[in-house]
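Contents: one structure, followed by commentary.
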Amino acid sequence: MPLFLFDRLRHSVRQLQGNIDPHSLRFRLTVGVAAVAALGMGGVALWTSWKMQDLLIVTHKQKVQYLVDRFPEDVERYSEMKSAQVGLQPAIDRLGANNIWLWVKDTRGRVVAQSMALEGRSDNTRMLLTQASQNWIVPRISRLNDRDFMVCSVPLKVKGTDLGQLYVAQDITEDREMFAGTIRSLGIASLLAIALMTVAIAVYVRRSLRPLCQFDRLTAKISAEDLGQIQISLDRAPSEVRKLTQTFNMMLDRLSQSWEQQRQFMGNVSHELRTPLTLVSGYLQSTLRRGNNLTEPQREALSIAASEADRTVRLLQDLLDLARADRGYLPFHLEPVELNELLSEVANMGRQYAQREIIWNDRGTLIKVKADRDRLQQVLINLIDNAVKYSPSGEAVTLHLERCDREAIVRVCDRGVGIPLQHQSRIFERFYRCDEDRCRTTGGSGLGLAIVKTLVEEMGGRVTVRSTLGEGSIFSVFLPLDSSEKI
Ligand code: ADP
C-alpha cells in the first residue's frame, strides 16, 4: 500500500477512535443492535449449514441403502434360470458407478465379484473399506486415507442361497469438499453482510439521534438573560423527543418566572436598603468631620464603618442599576460625546483617586460617539479601578483611543496579574470572580464588569478582554461613532 494511503488510513482510524465514546447512547445502541443482528445472522448461517450437512449425509445414506436393498433383486433378475452367482457381476456393473463401489465376498471370505473401479485400486483400499463397513448394516461415514466414504455391508441371500456378504462404499469426499467450500463462501458472505449491516445501523442510529444532538446544541446556548424568550423547537423530531422538548420548554417558563421574581426581589431589596444605608453613611461622615472630642480608636472604628457603609451603598446601587437594566427601566440619554475630553477627565479622576500614574495617549484626533456621558464615565472608571486594583502599585495604567470603521475603541491597559484563559469568558457574569483569595484583598463584589457590559451594550457597543497571566490585561470598549463623524 502506498505510504500516503497508509498514513491517511491511520489518520482516519485515529479520528474514529477519538469520536468513539463507549458511554454514549449512540455507541451503545449501535453495538447492541449490531450484536443482535450479528447473532441472528450468525445463527441463521450456522443453522443453514448444519441443515445442509444433514441433508447431504441423509441423501448419501439413502442412496447407499437403496443400492443395498436393490442389489438382491438385480442379482435375481440377471441370473434368471441360472445359479445366483452368475448374476452378481452384472448387478454390480449396473448399480456401481465411478464413486460407488460394490463387492461381494463368499461365505469363505473370497471376493467373487467387484466393481470395475475397484480393480484398479490396491487390495489395501478394499481391505480397509471392508474393515470399515464390517458389521454396519446401516450406512455410516468412515474416513480412510484422508477421504470420506459412506460404507455399509449386509449378508447377501438370493433365491434362498446364502451368497456371502455384500459391501457397498460411496466416495463422498468431493461432495463434502464442495459443501465445505459453500459453507466457507456462506461464512464470508455472512461476515460481509454483518459488516455492512453494522455500518448501516451506525448511520441509522446516528440519524435517529440527530434531534437529540440538535436539542443539546440549542439548549447549550440558553443563558439566564434569554430564559423568557427562548422556546426550543425541533423540526421532524420523533414524538418522544418532541415531548421532551415540550417538557423542557415548560421548565424554561417556570425557570424564567422564578428568575424574574429573584431579579425583582433583588431590585426591591437594593432599593429598600440603599436609602437607610446612605443616611447611615452620611451621619457617620458628618460625625467624623465634627467629632473633635473623639478618641483615636473611636475615630478609626467610625471611619471603618463609614467606608463599609459606602462600599455597601455602591454595591446596592450597582445591583439596582442591573435590576433596572434587566427590566429596561435604566434611562439612557444618548448624545454626542467627545471621547478625548472624557478620557482626560477620567484619567485625572483616576490619578487623584487611586494615586496612580494614568497615561492617556491623546493623538489629537477628536472622536465623538453616541453615548450616555455619565454611564460611559461610570464604565471607564470601573475599568480603570480594576486596572489599578489588579496591578502592582508602581505600574502605570494606559488609556488608548482609536477609530476603526464605524466604531471608536477605547482601550484600558494594565501590566498587572492578568486573567487566566479559562476565566476570561466568564468575568462579565454577575458576581463572577476569578480567584477568591486574590479578590478578597481587593474588596470587590464581582459586579463591576457585569455593570460595564450591561451599560456598554445598552449604548449599542460591546466590550472585550485580552489578557496574559502575569503580564497584564487590555479591556477594549467598542462604541458606535456619532453620525456627525466622517467615516
Ligand atoms: P471585582 O469587583 O471583583 O473586581 P469585577 O466584575 O470588576 O469584580 O471583575 C471580575 C473579576 O475579573 C475580578 O474578580 C478579577 O479577578 C478579574 N479582573 C477584572 N479586571 C481585571 C484586571 N484588570 N486584571 C486582572 N483581573 C481582572
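The values are calculated or read from the model by the stated rules, or taken from the named source; none is laboratory data. Here the structure is a predicted model, which is why all the values come from computation and not from measurement. Cβ placement follows ideal geometry from the backbone for every residue including glycine, while neighbour counts extend to all protein chains displayed. Calculation scope for accessible area: heavy atoms of the full protein, side chains included, ligands and nucleic acids excluded. Shrake-Rupley method; radii C 1.70, N 1.55, O 1.52, S 1.80 Å.
For Lys243, a cut-off of 26 angstrom between C-alpha atoms picks up these lysines, skipping any fewer than 8 places away in its own chain: Lys221. Taking a Cβ cut-off of under 13 Å around Asp374, the surrounding Lys, Arg, Asp and Glu residues balance to a net charge of -3, with basic ones at +1 and acidic ones at -1. Kirkwood's formula applied to the C-alpha pairs of the stretch 323-375 gives a hydrodynamic radius of 13.0 angstrom. One Cα centroid belongs to the stretch 163-204, the other to the stretch 387-432; the line between them spans 76 Å.
When only the Cβ of Lys, Arg, Asp and Glu is charged (+1, +1, -1, -1), the dipole of the stretch 335-480 relative to its Cα centre reaches about 200 debye.
Magnitude of the charge dipole for the stretch 23-208, about its Cα centre and with charges confined to Cβ atoms of Lys, Arg (+1) and Asp, Glu (-1), is about 820 debye.
Here the chain has 55 percent of its accessible surface on carbon and sulfur atoms, given a 1.4 Å probe and all protein chains in place.
Amide H contacts of Ala113 (H built 1.01 Å from N, in plane; Pro and chain starts excluded): Val104 sit under 5 Å, all sequence-distant by 5 or more or on other chains.
Note on the stretch 23-208: semi-axes of the ellipsoid equivalent to its C-alpha gyration tensor, largest first and rounded to whole Å, are 53, 14, 12. A 1.4 Å probe run over the protein chains yields, for the chain, 61 Å² of accessible area per residue, whole-number rounding.
Note on the stretch 335-480: the C-alpha convex hull projects to 8.1 nm² when averaged across all orientations.
Diagonalising the gyration tensor over the Cα atoms of the stretch 239-326 and scaling each eigenvalue by 5 before taking the square root yields semi-axes of 48, 11, 7 Å, largest first.
Can you find, among Phe179, Phe6, Ile57, the residue farthest towards the positive end of the dipole of the chain? Put +1 on the C-beta of Lys and Arg, -1 on that of Asp and Glu. The listed residue farthest towards the positive side: Ile57. Alpha-carbon geometry of the stretch 116-212: the Rg and the Dmax are 25.5, 87 Å, given in that order.
Net charge dipole, the stretch 239-326: roughly 100 debye, given to the nearest 20, about the Cα centre with Cβ charges of +1 for Lys and Arg and -1 for Asp and Glu. For the stretch 295-336, the Kirkwood hydrodynamic radius from C-alpha pairs, put into Stokes-Einstein at 4 °C and a viscosity of 1.567 mPa s, yields a diffusion coefficient of 102 µm² per second. Placing unit charges on each Cβ (+1 for Lys and Arg, -1 for Asp and Glu) gives the chain a dipole about its Cα centre, and among Pro139, Leu401, Ile201 the Cα reaching farthest toward its positive end belongs to Pro139. Remark: the chain is approximated by an ellipsoid whose semi-axes, taken from the C-alpha gyration tensor as √(5λ), come to 105, 24, 21 Å, largest first.
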